[in-house]
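Working notes, beginning with the structure itself.
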Amino acid sequence: VLRLVVVHLAEQRRTIVFKLDQSDAEYESSLQPPEVHPLKDLPAYPGSTIRFYARDEQTGFSLATSVTQSSPEAVEGFYRSSLKPDGWTALLPSASSGQPASAARLSVYEKGTALCYVYAGVAGIPAETRITLLHKQRLLK
């Protein structure tokens, strides 16, 4: 089964497309959201509901999306305060000053050989924020 997952970053005027090549069994399994937060190196946003998860063992890449009733600003603050004490370093300055709480947020963090992208933006439903976590463990050769 070939699937395309599209992540539209409206505020940054960017769209990322992921190509997923899955067996029939993997596809059937992927229709159900994980029961627990699948990214063991990253915390789940409190009260969020996981909608999608994919991992490529060959590249060390993981993608998880979830939704919450919190604002993008609150999501950004949670990950900033949770990741930095755990050894993650922000690679981009926070661009949230002067923006409304509902404005989309994109943060990038690094820890050793790992990268983490946190995007929080308004979902299709009013008062709902979609959280997209991209985690890349750089593989050493």
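The values are calculated or read from the model by the stated rules, or taken from the named source; none is laboratory data. Because the structure is predicted, anything quoted here is derived from the model rather than measured. Here Cβ is always computed from backbone atoms with ideal geometry, including for glycine, and neighbour counts include all displayed protein chains. Accessible surface areas use protein heavy atoms only, side chains included; no ligands, DNA or RNA. Shrake-Rupley method; radii C 1.70, N 1.55, O 1.52, S 1.80 Å.
Points to keep in mind about this one:
- Filter pass, Glu35 being of a type in the set (D, E, K, R), surrounded by fewer than 17 Cβ atoms within 10 Å (Cβ to Cβ), at pLDDT 85 or above and not in a helix (DSSP H, G or I): no
- Total residues in segment 52-86, condition assigned to a strand (DSSP E or B) and under 9 Å from Ile131 (Cβ atoms): 5
- Look at segment 1-19: where a residue is within 15 Å of Ala120 (Cα to Cα) and open to solvent by 90 Å² or more (accessible area, probe 1.4 Å) and a partner is outside any strand (DSSP E or B) and at pLDDT 75 or above, sitting 6+ places away or on another chain with Cβ atoms under 7 Å, you get Glu11/Ala103; Glu11/Ala104.
- Just so you know, in segment 53-86 the residues that are at pLDDT below 85 and open to solvent by 30 Å² or more (accessible area, probe 1.4 Å) include one that is farthest from the chain's Cα centre (by Cα), and it is Gln58.
- Screening the candidates Leu92, Leu106, Leu134 for the property of being over 24 Å from Ser29 (Cα atoms), open to solvent by 20 Å² or more (accessible area, probe 1.4 Å) and in a strand (DSSP E or B) yields one hit, Leu106.
- Subset of segment 44-94 (residues that are in contact with a Phe, Trp or Tyr (Cβ under 8 Å, 6 or more places away or on another chain), closer than 23 Å to Arg3 by Cβ and not aliphatic (A, V, I, L, M)): Arg55, Ser62, Thr65, Ser66
- With respect to being open to solvent by 80 Å² or more (accessible area, probe 1.4 Å), at pLDDT 85 or above and closer than 25 Å to Val17 by Cβ, Tyr45 falls outside the description.
- Subset tally (residues that are hydroxyl-bearing (Ser, Thr, Tyr) and either without any contact (Cβ under 8 Å) to a residue 24 or more places away in the chain or farther than 15 Å from Ala104 by Cα (or both)) for segment 61-89: 4
- Residue within segment 112-123 that is open to solvent by 70 Å² or more (accessible area, probe 1.4 Å) and either in contact with a His (Cβ under 7 Å, 6 or more places away or on another chain) or not in a helix (DSSP H, G or I) (or both) present: yes
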